[in-house]
Amino acid sequence: YGGVVPELASRDHVRKGLPLIRQVLGETGVTLKQLDGIAYTSGPGLVGALLTGACLGRSLAWSLGIPALGVHHMEG
């Protein structure tokens, strides 16, 4: 796995996802209500981590009534 253990990476994404979003929003002074949409990585990557990110991004977008968009993080 090149040093990354997929199961551990997935667990880390679950544990750190929301706290990281809160931290970034706090540091930038942006509120959730100011967001127009949410983008999340849809690939390539480890399946567990991608599913965690997609679930978090889509759930947050749904709860805010804004669009969610899966993106290829290595393109354009």
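Mind putting a number on the dipole of the chain about its Cα centre? Charges go on the C-beta only, +1 for Lys and Arg and -1 for Asp and Glu, and I need it in Debye to the nearest 20.
Details: 6 positive and 5 negative charges, 49 e Å.
It comes to approximately 240 debye.
The angle between the Cα long axis of helix 6-28 and the longest principal axis of the Cα atoms of the chain comes to about 30 degrees, rounded to the nearest 10. Amide H contacts of His73: Ser42, Gly43, each under 5 Å away and 5 or more positions distant or on a separate chain (H built 1.01 Å from N in the peptide plane; Pro and chain starts excluded).
In order along the range 41-54, the Karplus-derived 3J(HN,Hα) couplings, from 6.51 cos²θ - 1.76 cosθ + 1.60 at θ = phi - 60°, round to 6, 9, x, x, x, 6, 4, x, 5, 5, 5, 4, x, 5 Hz, and Gly and Pro are given as x. Which residues in the range 47-76 place their backbone N less than 20 Å from a point set 7 Å from the Cα of Thr31 along the Cα-to-Cβ direction? From the range 47-76, the list is 60-67.
A simple spin-label model places the labels of Leu20 and Ala39 1.6 nm from each other, with each point 7 Å out along Cα-to-Cβ. Ordered by the number of other Cβ atoms lying within 10 Å of each residue's own Cβ, fewest first, Asp12, Asp36 fall into the sequence Asp36, Asp12. The phi-based Karplus calculation (6.51 cos²θ - 1.76 cosθ + 1.60; θ = phi - 60°) puts the 3J(HN,Hα) values of the range 59-66 at 5, 5, 4, 4, 5, 8, x, 10 Hz, whole numbers, x for Gly and Pro. Sorting Ser59, Ser42 from the fewest to the most surrounding beta carbons within 10 angstrom yields Ser59, Ser42.
Each reported figure results from applying straightforward, stated rules to the coordinates on display, with no laboratory input. Just so we're clear, the structure is a prediction, and the values are computed from it rather than from any experiment. Positions of Cβ are generated from backbone atoms using ideal geometry, with glycine treated the same way; all protein chains shown enter the neighbour counts.
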